[in-house]
Every structure is written in C-alpha cells, then in structure tokens.
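Presented below is the structure to which this report refers.
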Amino acid sequence: MKAIVSVFARDRKGITAYITAILAENGINILDISQTLMQEFFTMIMLVDLADCPLDFGALQKLLKERGAERGLSVHIQRQDLFDAMHKV
Amino acid sequence: MSYLLNSDEIIETIRMIDQQHLDVRTITLGVSLLDCAADSVDVCAGRIYDKLCRRAEHLVEVGEAIEREYGIPIVNKRLSVTPIALVAAACREEDLSPLGKAMDRAAEAVGVNFIGGFSALVHKGFTASDRKLIASIPETLATTERVCASVNVGSTRAGLNMDAVREMGLVIRRCAELTADRDALGCSKLVVFCNAVEDNPFMAGAFHGVGEAECAVNVGVSGPGVVYAALQDCKGQPFDVVAETIKRTAFKVTRAGQLVAREASERLGVPFGIVDLSLAPTPAVGDSVARILEAMGLEICGTHGTTAALALLNDAVKKGGVMASSHVGGLSGAFIPVSEDEGMIAAAQAGALTLEKLEAMTCVCSVGLDMIAVPGDTSAATLSAILADEAAIGMVNNKTTAVRLIPAIGKGVGDTVEIGGLFGRAPVMPVNAASSADFIARGGRIPAPMHSLRN
C-alpha cells in the first residue's frame, strides 16, 4: 500500500533526518519527497511504500503521531488513493 | 513507474479537511426489512432488531477504519430501512410504535446515531397499515432517540393526497406537543415529502425503497466550506467563473465520497448504491450554504438575488459531481435547512430571510422547507397548508420537496428554539395569520399535473 506522510512544523534543523529515520526503522521506503517553507512553517510531503512495514496502518499512524509530537511536529499518514481520487480524472 | 508527488494538490486536500470542513457526511446502510413481516407486532419487532443487528454489525467499525486510513472524517454512520408501513402490513395491532422502538434499540446496539424509515408512502392513498403507522408517529418520535419518520404525500405522477396533507398537519402538531419540553425535538425527526426518493442517505428523510436491493451502501458527501473557500478567489468575476469554480470543487468533493463509498461497499460486502452529491451544511461556522450565496455578492442571504444564486449553486454542484461518481442519486443538490446552517440562522434573525423567500428558494434547490421553526400557536390547518404549497412545488416541478416544520410550543416570533447537536437552533419565523382551514378541510386529491402523462 502507498501512503502520503505529511509533516508540518516550525522550521528547525534535523526534522527530515528525524522523520526519515523513524520510517526506515519500520521498513518504510520513501518513493518521493517534497519539502517547502511557507512563511516560517516547514512542510514536508512524502510518498511512501508500506509493503515491507510490519505494523498495521492504525499502529503506524499512532506511532508517527506520538513520535512526531515528542519533537513538536504534526505528522499525518493517509492512504494515497484519496489524493488521486480528488485530483486526477 | 514514476511517482509524481504533487505537493500543492496534497496540501490543498489537507487544507480542505483541516480548515474547510470537508467531510463525508454519512455512510448510510440501507436494509430491506420485507422479510421481517409477521402478524404480531412483537414478533415483527424481534425480527427487525435481529436483522438490523446482523446486517449492520460492522458498519461503524468499517466507517471508522476508512476514516482513519484516508484521513477524511466520516461524520455519521446511519441506517435506512424499508418503509415500516409496508413491513407492518400484516400486523394485527393498532399501535406500531413497538417497531420504532425495536429500530431504536438496534441503532443503539450497532452504534449508529440515526435510523430512517418509520415511513409511509401515501401519495395516492392510504392502506390500513399506512394509517396505523401515521397514527404511531408522534408517540414513536417522542419515546425514541434515533428513529426518523417520513411520509410521502404526493408525487408528480399521482398528484397530492390532501387527506394525508391534512393528517400530517395534525401529526406535526402532536409531535411538537409531545416533545414540547425538548423544543419540539420530535418534529426534527419527521419529514413530509413530495416525490420522495428511495435511496436518500440523509436524515431525517432516509428510507430503503422497495425497488432497492437487499442491502445497499449509500453515501452523502458534503463540503459547503470548501465551496465557500474556493469562491473567495473569484471576487468580482462573472458568473461563468463562479459556476466553473463550484463545478471543479464539487467534482473533488464527490470523488472523495465515491472513494469512501467503494471502500465501504467492498469491506461490508454490500453493493454500492449511490453517492448523493449534496452540499449539506452544519451549524458550525464555515460550513454554511447561506455564506456561499453571500460570497456571490449578496449582502445577506434572503435578499433579492438569493434564488438565482441558489439556482446556480444547485446546478453547478450536480454538474461537477455527476462525473465524479459512477451512480448518483438521493437528493443531490444544495440543502437549505435553516436551523442547521449558521448563515441561514443569522439571516433569519436579521429578518432578511422569510418563510416566503425560503419557499421560492425551494423551487431551485434539492429539497424544501427544512428545519423551520414557526410560532407555537400555528394551527394544524396552517401547517397543512404550508405542506400543501411545498408539495405542489415538488409535484409541478418534478422534483423532491421535503418539509420539516417545528411548531415552537409556548414560543413566538423573536424567540429561538434550541434543538441542539446537528439540528442546531432556529429563530421562530412568522407565518401568514389568515386562515387556510376551509381549504385544508376539503380533503380528496389534487390531480397530477398535465406533464405527468409522459408515456
């Protein structure tokens, strides 16, 4: 299953490193990544593949949310299909 | 395979959900209860309870899983059933409220907040069972929490059953009196239809028609906040741009609904019925249909131009949504419930939005006079006459009209009824003081219009 991970936070060093390490620990492959600064807000969007992730979706969602919160990051994961459905004809 | 990540689109979607109230308003599981018929009301009630608990066992759990995985809120999970007057036709007893109570218990057991279908279809005439069901509505709505009732009193093909119209005025008053201590909550759960649809997923008018399959998943989408936000970028632009913008937005919203409907259907093992392309407001700020009309350039909803603005909105929502879903149905269009829409409430309180203007607006929107509080001393005949006017609009224009009126017992113009929750609050609106009693006393049928003869 492919999913979109989105990370929002006030910009500072090490956010990408922190999040991608968590993904790697859980067998998640990053297929594409995009990051921008909107005013002072860091926004990172990743397309990831969950094929080798041992956790079920709910557990992964909870883990990302909790680990993100430890560093003041808002981290969400959603299945990719929603974005495809809404924006592609 | 290339992985194209369009972060603008992703951020747009996340913003729609987080800031503009994009949600799927309801997954409604329609269940046929025709096989629950019995000659005893208690046996029938037992069968209804058992069947609903079995069929809807996983509905809430599946809805919540989809919500989590896709990150899109699914606000309500609900049930609709075969009109109970049909299911109860063989029952010997006069009082059919035990069937409503069984529906209520089943809804509670499976965790849904509403169940629709305590209904009768009497557009051409009453069966004995229809009469018993209608007589049982006030008691049922006063003693249950989740049950919704509806009665279809007319259609373009059959004309208007004016005996039913007269009866429903009395039933609405009785519902208001029995729930007077709860701001006439009973009336919020009772819809009087003309041209009722069989696959409507929205409450309070949902029922599972006899032309439907054993079970079906119907989904109602929403998103007034998303349309409102999109229109902020077209200030001063011609209507062509406004219509295009609404169509584009409705497409995206409906695609989200279609995705949810497909997933729910697969996971529940139940055929997908329809997506209802509706802009359904809630009392939350930023989730209002009235504010969309105002964003088109009206100082306040209800002023001159409101009907034209609503006509454009209703049409553009359908045109945008229809390509986004494989099967479209239900009521599909813009809803204008007064108490459930923050902008409508404000416009009514300011005196800009009147009952007469709302009636005109219902000629071009998807439903009708919805969630409107009227003075507590409004007579049953006047309520019936309001129902007749609205049903006539539906009959002649070949569209669904629905009426939910709330006689605010003990209150008058200037007061507000606080129904609470999704039903919101409604300022009491004045009705015409002149009598319609002799008109309503006639009874009989108003013949179907000429254009009903289409064969």
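The values are calculated or read from the model by the stated rules, or taken from the named source; none is laboratory data. Computed from a predicted structure; not experimentally measured. All Cβ positions, even for glycine, are placed from backbone atoms using ideal geometry, and neighbour counts span all protein chains on display.
Scanning region A:62-72 for residues that are within 19 Å of A:Ile28 (Cα to Cα) and of a type in the set (A, V, I, L, M, F, W, C), we see that the one that is nearest to the chain's Cα centre (by Cα) is A:Leu64.
Considering only residues of region A:65-89 that are within 12 Å of chain B (Cβ to nearest Cβ) and in a helix (DSSP H, G or I), which is nearest to B:Gly71 (Cα to Cα)? Result: A:Leu82. Being within 12 Å of chain B (Cβ to nearest Cβ) and surrounded by 12 or more Cβ atoms within 10 Å (Cβ to Cβ) is the filter here; which residues of region A:48-63 pass it? A:Val48, A:Asp49, A:Leu50, A:Phe57, A:Gly58, A:Ala59, A:Leu60, A:Gln61, A:Lys62, listed by residue number. When the residues of region B:365-387 are narrowed to those that are within 16 Å of the chain's Cα centre (by Cα) and part of a loop (DSSP other than H, G, I, E, B), which ends up surrounded by the most Cβ atoms within 10 Å (Cβ to Cβ)? So the residue we want is B:Gly368.
All of (1) within 18 Å of the chain's Cα centre (by Cα); (2) without any contact (Cβ under 8 Å) to a residue 60 or more places away in the chain; (3) within 16 Å of B:Cys365 (Cα to Cα); (4) not in a loop (DSSP other than H, G, I, E, B) hold for B:Met344 with one exception: (2).
In this structure, B:Ala45 does not satisfy being out of contact with any strand residue (DSSP E or B) (no Cβ under 7 Å at 6 or more places or on another chain), within 12 Å of another protein chain (Cβ to nearest Cβ) and in contact (Cβ under 8 Å) with a residue 40 or more places away in the chain.
One residue alone among A:Ile45, A:Ile33 is in a strand (DSSP E or B), within 8 Å of chain B (Cβ to nearest Cβ) and crowded, with 20+ Cβ neighbours inside 10 Å, and that residue is A:Ile45. Taking region B:388-425 as the range and being assigned to a loop (DSSP other than H, G, I, E, B) and crowded, with 18+ Cβ neighbours inside 10 Å as the test, the residues that pass are B:Lys399, B:Thr400, B:Arg404, B:Ile409, B:Lys411, B:Ile419, B:Gly424.
Checking B:Leu310, B:Leu293, B:Leu331 one by one, the residue that is crowded, with 24+ Cβ neighbours inside 10 Å and out of contact with any Leu (no Cβ under 8 Å at 6 or more places or on another chain) is B:Leu331 and no other. May I ask you to list the residues in region B:135-149 that are surrounded by 24 or more Cβ atoms within 10 Å (Cβ to Cβ), out of contact with any Asp or Glu (no Cβ under 6 Å at 6 or more places or on another chain) and among the hydrophobic types (A, V, I, L, M, F, W, C)? If the condition is that a residue be surrounded by 24 or more Cβ atoms within 10 Å (Cβ to Cβ), out of contact with any Asp or Glu (no Cβ under 6 Å at 6 or more places or on another chain) and among the hydrophobic types (A, V, I, L, M, F, W, C), then B:Ile137, B:Leu141, B:Cys148, B:Ala149 are the ones that fit. Name the residue, out of B:Val31, B:Val41, B:Val81, that is surrounded by 18 or more Cβ atoms within 10 Å (Cβ to Cβ) and over 13 Å from B:Val110 (Cβ atoms). Residue meeting the stated conditions: B:Val41. Taking region B:226-269 on its own, how many of its residues are surrounded by fewer than 15 Cβ atoms within 10 Å (Cβ to Cβ) and within 13 Å of another protein chain (Cβ to nearest Cβ)? Qualifying residue count, region B:226-269: 2. One residue stands out among those in region B:64-77 that are assigned to a helix (DSSP H, G or I) and either more than 14 Å from chain A (Cβ to nearest Cβ) or in contact with a helix residue (DSSP H, G or I) (Cβ under 7 Å, 6 or more places away or on another chain) (or both): the one that is surrounded by the fewest Cβ atoms within 10 Å (Cβ to Cβ), which is B:Arg68. I want to confirm something. Restricting to region B:137-176 and keeping residues that are of a type in the set (Asp, Glu) and within 14 Å of B:Ala388 (Cα to Cα), which single residue is nearest to the chain's Cα centre (by Cα)? Once the filter is applied, the top-ranked residue is B:Glu167.
All told, B:Ser384 meets the bar of being within 15 Å of B:Ile172 (Cα to Cα) and not aliphatic (A, V, I, L, M).
Run down B:Gly286, B:Gly297, B:Gly302, B:Gly330 and say which single residue is farther than 20 Å from B:Glu342 by Cα, of a type outside the set (A, V, I, L, M), away from every other protein chain (no Cβ under 14 Å) and in a loop (DSSP other than H, G, I, E, B). B:Gly330 is the lone residue from the list that is farther than 20 Å from B:Glu342 by Cα, of a type outside the set (A, V, I, L, M), away from every other protein chain (no Cβ under 14 Å) and in a loop (DSSP other than H, G, I, E, B).
Name the residues in region B:1-42 that are more than 12 Å from chain A (Cβ to nearest Cβ) and part of a helix (DSSP H, G or I), would you? Once the filter is applied, which keeps residues that are more than 12 Å from chain A (Cβ to nearest Cβ) and part of a helix (DSSP H, G or I), region B:1-42 yields B:Gln19, B:Leu34, B:Asp35, B:Cys36, B:Val41, B:Asp42.
Screening B:Gly321 with (1) within 16 Å of the chain's Cα centre (by Cα); (2) surrounded by 22 or more Cβ atoms within 10 Å (Cβ to Cβ); (3) modelled with pLDDT under 95 gives one miss only, at (1). The set of residues in region A:17-30 that are in contact (Cβ under 8 Å) with a residue 40 or more places away in the chain and either within 13 Å of chain B (Cβ to nearest Cβ) or not aromatic (Phe, Trp, Tyr) (or both) comprises A:Ile19, A:Ile22.
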